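Scroll down for the structure; my scribbles are underneath it.
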């Protein structure tokens, strides 16, 4: 039996969510830049890993019309070892907002990063536009008042957290992926912790990682180019 509910006499109707709610968190104004501190560990075998510490800069450049007739933005990604070095172009991504979702094309793979109107609890397939297996993303929270350390100061803003995965068995694997976005800034934090844990006899009772990658990206500056 299908059940329907309606507002009873005297009750105020629940207003519909603004269809654009959340779009300002996926901030793509032209000439916007964001700079991050990055810590990355690449695991190639048990007790063999390579740790990288560097900085990443994203620059939002001009728009273009893609093959589907949708407006997209070009995103330049630059890197450097530390703030005494010049920025060097690392890669070029693109991103777009189309109706009810935000899509980022990263290394030629399309990922649905966010959906609109944004609301805590919303779930979607982040891989719907690529050939990978279904991957359920979820908005954990929306509109949370947060203090972030940027531009050598403390800035108060509203944030949105997307949980891409939170799964581990404590024995053989860990898959934890999460991104945090800030209103009128964009991505401020990214965690990627996907590893295979050694489960051989000699590894028991010790968490020894066999393969995978740990990646943490945290914003430290943002603004507009040439401002």
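Laboratory data are not the source of any read-out in this text; all were calculated from the coordinates shown. Since the structure is predicted, the reported quantities are computational estimates derived from the model, not experimental observations. Positions of Cβ are backbone-derived with ideal geometry, glycine not excepted, and every protein chain shown enters the neighbour counts.
Tabulated values for the structure
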{"read-out": "The chain: most fluctuating residue of 71, 202, 155 per GNM, C-alpha cutoff 10 Å", "value": "202"}
{"read-out": "Proportion of all alpha-carbon pairs of the range 98-168 beyond 15 Å (%)", "value": "61 percent"}
{"read-out": "134, 38, 194 arranged by Cβ crowding within 10 Å, fewest neighbours leading", "value": "134, 38, 194"}
{"read-out": "Ranked 41, 97, 65, criterion: other C-beta atoms within 10 Å, fewest first", "value": "65, 41, 97"}
{"read-out": "Candidate values [x] 32, 26, 18; [y] 56, 21, 16; [z] 31, 22, 17, label of the one derived for semi-axes √(5λ) of the Cα gyration tensor in Å", "value": "[x]"}
{"read-out": "Enclosed volume per residue, in Å³, of the convex hull spanned by Cα atoms of the range 96-227", "value": "159 Å³"}
{"read-out": "Inter-centroid distance (Cα atoms) of the range 42-103 relative to the range 159-173, Å", "value": "22 Å"}
{"read-out": "Exposure proxy order (Cβ contacts within 10 Å, fewest to most) of 154, 160, 78", "value": "154, 78, 160"}
{"read-out": "Value of relative contact order over the chain, rounded to a whole percent, pairs C-alpha under 8 Å and six or more apart", "value": "21 percent"}
